[in-house]
Amino acid sequence: MVEHFDLIVIGGGPGGSTLATFVAMQGHRVLLLERELLPVYKIGESLLPATVNGICAMLGVTDELKSAGFVVKQGGTFRWGRNKEPWTFAFSLSSKLRGPTSFAYQVERMKFDTILLNNARRKGVDVRERHAAIDVLLDDNQRVTGVAFRDAAGRHIEGRSRFVVDASGWSTTLARHVGTRIYSQHFRNVAVFGYFSGAKRLPPPNSGNIFCAAFDRGWFWYIPLSDTLTSVGAVIGQESSRLIGDGREVALSRFIQECEPIRELLAGATRVTSGPYGEVRVRTDYSYCHDKFWKPGLALVGDSACFIDPVFSSGVHLATYSALLAARSINSCLGASMTEERAFGEFERRYMREFRYFYDFLLAFYDLDQDLDSYYWSARKVLNSAELGNEAFIQLVAGVGGSGEQLFESHEEFVRQRAGLGSQLFGEIPGQAEDAVSGMVKSGSGRFMTDLFREVSQVQSQATFTTDRVPEMPLFNDGLVPSTDGFHWVEPAVRRSHVVPAV
Ligand code: FAD
């Protein structure tokens, strides 16, 4: 069986769902293959404002996220560095984030990923769960031309498409077609993590913050996921990983006892031992980057391309931001306005640059013998910024530091308009349109309804995104800029006059 699409996306995590939605919103035919049936457990629960108020607003899921009841994260609290007293930063202290949108969420990924995947379906993506990609298809010139996959019934199918994106996460087997994965020499840590009920909260207004506490073997994350549920994980150096041999549960309990603030917060709490949160899990070797992010016909987004140590919760941000960058490249090529080299060259440079900012700053941040000002100074140096105080630090850890994306910054009216993208369309016929669209995309009938949906979605997004945008400067001398609607690349009206260091 052979099927034809403009784009095939492999993986229905945040990276895959975001990318598929942004391309389908431009009226293209998109197939998304997800191996599992969501909801499924996943780690990666602390989000950044750039994801919640930038990408998620563009996706049109703002209202849904709000009604899901996720814990509001106003910043982070750290016990880190020479000073043993905990210190806190709030996103609202940054001039780029000030206002009602200076927050993010702590999310149960089973709920968050399902919201994004269902949204992709609503926006016209042909989402197929329990469908596993086997490999990409190549032509004689080694260009990727599609995907061989297995459906829920075990049948082999060939999907042909102009572009394929691998968003299948850290365990990808397809990214080998694009360069080589290089593991970090510096961040060779191991994470041991579980879930607790009845754990304490930091005092308000910091009760929704992520709390990161260093101890002799590494550091802990402590993430409130609801009034009762807390995600707790130890990130330890390789030298301590032998202790996991005593059993995961024993090792986690031991690390908790060794880290005073975490021990105190967990006094009286019980570890969850059943359901999806019932296991103590371990992850190793999770800091890496590919030396290339694309080849003709195929691009990598999210963990398939790169990932770094989770101390700044950058994983979902990098996945969804790279999805936006790749979507612009694909939309520009499918619209026939740009060559693949030019469009994907911009994607790769911007994505590597964002990864690099987090990586370089982490190198400085992992030096625990520094004081707070020294960390702030390192953030300024990494971003090449003249901002005062902790401004550069907050921008960086909020995901709005280096990208230059106006779409990620807080402009109340702008964000409010973007948020309407999802609900406006279906507001008048609750439920029905959603079922009609996903049903018709699947059955192949009702093409009219699907096309109508895409057209309305496209007109709506274009009208929404063109408000109040000042032209952006390219990030590179010969670089491109986002179109005013945010979904394509365009040549800049003004070129940079000074040299920007290559990354
Ligand atoms: P994923 O979320 O992994 O999604 C990939 C999808 O592809 C999956 O649904 C999978 O089922 C599917 N798939 C795989 N193979 C196939 C196939 N062959 N065919 C079809 N489908 C397939 N990030 C944060 O932002 N905040 C945090 O606090 C945070 N904490 C972390 C802690 C640890 C210890 C680790 C290891 C990571 C953490 N992360 C965190 C990172 C975060 O988990 C990832 O960066 C994020 O999930 C990447 O999203 P993705 O869409 O690229 O991939």
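Here, each number is a calculation from the coordinates, and none is a lab measurement. Worth saying up front: this structure is predicted, and the values here are computed from it rather than measured. Note that each Cβ is placed from the backbone with ideal geometry, even for glycine, and that neighbours are counted across all protein chains shown.
Per residue and in Å³, how big is the convex hull formed by the alpha-carbon atoms of segment 145-218? Mind showing how you got there, number by number?
On the way: hull volume 17.2 nm³, N = 74.
Hull volume normalised by residue count: 232 Å³.
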Taking every Cα atom in segment 289-347, find the radius of gyration and the maximum pairwise distance Dmax, and write them in Å. 12.3, 41
Inter-label distance for residue 72 and residue 95, nm, one decimal - labels placed 7 Å from Cα along Cα-to-Cβ: 2.5 nm
Rounded to the nearest 500 deg cm²/dmol, what is the calculated helix-only ellipticity per residue at 222 nm for the chain, with -39500 (n - 2.57) per DSSP H run of length n ≥ 4? -10500 deg cm²/dmol
Using alpha carbon centers only, segment 212-262 is separated from segment 106-128 by a whole-angstrom value of 30 Å
Residue among 262, 95, 52 farthest towards the positive dipole end of the chain, charges placed on Cβ: 262
Per the Kirkwood definition applied to all pairs of different Cα atoms, how many angstroms is the hydrodynamic radius of segment 1-91? 16.2 Å
Points 7 angstrom from Cα along the Cβ direction at residue 270 and residue 152: gap in nanometres? 3.6 nm
Sequence-distant residues sharing a close amide H with residue 73 (under 5 Å, placed H): 104, 105, 106
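If you count, for each residue, the other Cβ atoms within 10 Å and average over each peptide, how do 287-299, 194-206 line up from highest to lowest? Each step should come with its number before you reach the end.
Values: 287-299: 20.8, 194-206: 16.3.
Those peptides, ordered most packed to least, come out 287-299, 194-206.
Hey, fewest Cβ within 10 Å first, where do 350, 150, 155, 143 land in order? Before the final figure, lay out each step's value.
Values: 350 28, 150 16, 155 9, 143 13.
Sorted ascending by nearby Cβ count, the order is 155, 143, 150, 350.
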How long is the gain from residue 473 to residue 374 if the chain were fully straight, where each residue apart is worth 0.36 nm and the alpha carbon distance is subtracted? 32.6 nm
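Going by average Cβ density within 10 Å per residue, which order do the peptides 369-377, 171-179, 392-400 take, highest to lowest? Write out the running numbers ahead of the final one.
Numbers: 369-377: 14.4, 171-179: 17.3, 392-400: 27.2.
Peptide ranking by packing, descending: 392-400, 171-179, 369-377.
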In whole percents, the bins of 5 Å from zero upward hold the Cα-Cα pairs of segment 182-279 as 2, 13, 24, 24, 18, 11, 5, 2, 0
Starting from 0.36 nm per residue, how many nanometres of slack lie between residue 285 and residue 388 once their C-alpha separation is accounted for? 33.5 nm
Taking Rh as the Kirkwood radius computed over C-alpha pairs, what is the Stokes-Einstein D of segment 317-417 at 10 °C in a medium of viscosity 1.306 mPa s, expressed in µm² per second? 105 µm²/s
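Working out 0.36 nm times the residue gap between residue 88 and residue 111, then minus their Cα-Cα distance, what length gain in nm do you get to one decimal?
Computed gain between residue 88 and residue 111 is 5.5 nm.
Regarding the chain, what is the average projected area of its C-alpha convex hull, in nm²? Write out the running numbers ahead of the final one.
Details: hull surface 92.6 nm².
Its Cα hull, projected and averaged over all orientations, spans 23.1 nm².
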At a 10 angstrom cut-off on C-beta neighbours, averaged per residue, how do the peptides 96-102, 312-318, 245-251 rank from highest to lowest? 312-318, 96-102, 245-251
Translational D (Stokes-Einstein, µm²/s) of segment 257-306 at 37 °C and 0.692 mPa s when Rh comes from the Kirkwood sum over C-alpha pairs? 217 µm²/s
